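Participant: Have a look at the structure that comes next, please.
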Amino acid sequence: MATEVCLLKVGLTGGIASGKSVVGEMFARLGAHVIQADVIAHELMQPGQAVYDEVVRRFGQGVLDADGTINRPKLAEAAFGSTDSPSSVEDLNRIVHPVVIRKQEQWIEEVGRREPEAVTMVEAALILEAGIAQRFDRLVVVTCRPEQRIARWAQRLNVGEDSARSEVTRRMAAQLPDEGKTRSADYVIDNSGSLDETERQVRAVYSKLRQEAVNTLTRTVLAQARKPKTEN
């Protein structure tokens, strides 16, 4: 359908604690339709969902709270591994990613039916690592300085610097370094400075994305208008 052709699909990614969600919120305020893969995954891990059953089957009852819900820190510990346990993040991704991707595509189609010229944006940490970058028309990568990741993680979880450093290091082992991500990016947002500086970059990128979405719709409409009408 026309909406599938016109709609501009953007992937928003970056390393741990780079500020993807903050940047996503900035894009949303400007008019982009933004969805977080992590929020979708959280919904899919609720009791009664097939993903929940698969996660518990793979990682065991030890990742559950007393009420039967998945304790995400415990799951992260089990999935990302520790010094005496191999990482099983690939198993977690294999369970969660296909279903999350289907939900994302359904959401994009719904937005496209309402607003064919929309800029849709999926925020996800592992777009490149999961091999799904080709599903998007454009890729935006958020970066920051290494020491900022640790400080932000410590502040977010209210933990000490040593604990934050250990967790950030462990999780980054399952992600591409920033150099690898930026090489694949259409746009890079440097989130190392002030929020005002980040927002100026976001505004500049969104202006280009918005114009591209409009141009794509215009080309599609013109192409359809030129098609010869078939006789009944």
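Participant: Looking only at residues in the range 46-60 that are in contact with a Leu (Cβ under 8 Å, 6 or more places away or on another chain) and under 15 Å from N93 (Cβ atoms), which one is surrounded by the most Cβ atoms within 10 Å (Cβ to Cβ)?
Facilitator: Checked the range 46-60; the qualifying residue surrounded by the most Cβ atoms within 10 Å (Cβ to Cβ) is V55.
Participant: Within the range 70-80, is there a residue that is buried (at least 16 other Cβ atoms within 10 Å of the Cβ) and farther than 25 Å from S163 by Cα?
Facilitator: no
Participant: OK, next. Given the range 102-199, what helices (runs of 4 or more DSSP H) lie entirely inside it while holding 1 or more residues that are within 18 Å of V23 (Cβ to Cβ), charged (D, E, K, R) and under 16 Å from the mean Cα position of the chain (by Cα)?
Facilitator: Values: elements: 146-157, 161-172, 178-183.
Correct list: 178-183.
Participant: Separate question: What do you reckon, is I95 of a type in the set (V, I, T), farther than 23 Å from R29 by Cβ and surrounded by 19 or more Cβ atoms within 10 Å (Cβ to Cβ)?
Facilitator: yes
Participant: To continue, here is another question. The conditions are (1) β-branched (V, I, T); (2) surrounded by fewer than 18 Cβ atoms within 10 Å (Cβ to Cβ); (3) within 24 Å of E43 (Cα to Cα), and T182 fails exactly one of them. Which is it?
Facilitator: Here T182 clears every test but (3).
Participant: In the set V10, V22, V39, which member is within 13 Å of the chain's Cα centre (by Cα), of a type in the set (V, I, T), surrounded by 20 or more Cβ atoms within 10 Å (Cβ to Cβ) and under 25 Å from D178 (Cβ atoms)? Show your work before the answer.
Facilitator: Working: V22 fails: surrounded by 20 or more Cβ atoms within 10 Å (Cβ to Cβ); V39 fails: surrounded by 20 or more Cβ atoms within 10 Å (Cβ to Cβ).
Being within 13 Å of the chain's Cα centre (by Cα), of a type in the set (V, I, T), surrounded by 20 or more Cβ atoms within 10 Å (Cβ to Cβ) and under 25 Å from D178 (Cβ atoms) holds for just one of V10, V22, V39, which is V10.
Participant: Here's a follow-up. Return the only residue of A130, A173 being aliphatic (A, V, I, L, M) and either surrounded by 19 or more Cβ atoms within 10 Å (Cβ to Cβ) or within 25 Å of K9 (Cβ to Cβ) (or both).
Facilitator: So the residue among A130, A173 that is aliphatic (A, V, I, L, M) and either surrounded by 19 or more Cβ atoms within 10 Å (Cβ to Cβ) or within 25 Å of K9 (Cβ to Cβ) (or both) is A130.
Participant: Out of (1) in contact with a strand residue (DSSP E or B) (Cβ under 8 Å, 6 or more places away or on another chain); (2) more than 22 Å from V89 (Cβ to Cβ), the odd one out for K181 is which?
Facilitator: (2)
Participant: Is there a residue in the range 79-101 that is free of Cβ contacts under 8 Å to residues at least 24 places away in the same chain, touching a Ser or Thr at 6+ places or on another chain (Cβ under 9 Å) and closer than 28 Å to R57 by Cα? Steps first, answer last, please.
Facilitator: Of all residues in the range 79-101, those free of Cβ contacts under 8 Å to residues at least 24 places away in the same chain come to 79, 83-86, 90, 94, 98.
Filter once more, keeping what is touching a Ser or Thr at 6+ places or on another chain (Cβ under 9 Å): 79.
Restricting the remaining residues to those that are closer than 28 Å to R57 by Cα gives 79.
Within the range 79-101 (the criterion being free of Cβ contacts under 8 Å to residues at least 24 places away in the same chain, touching a Ser or Thr at 6+ places or on another chain (Cβ under 9 Å) and closer than 28 Å to R57 by Cα), the answer is yes, since at least one residue qualifies.
Where a number appears in this text, it was derived from the coordinates with a stated rule and is not lab data. From a predicted model like this one, the values you see are computed outputs, not experimental measurements. Counting neighbours? That spans all protein chains shown, and the Cβs are built from the backbone with ideal geometry, glycine included.
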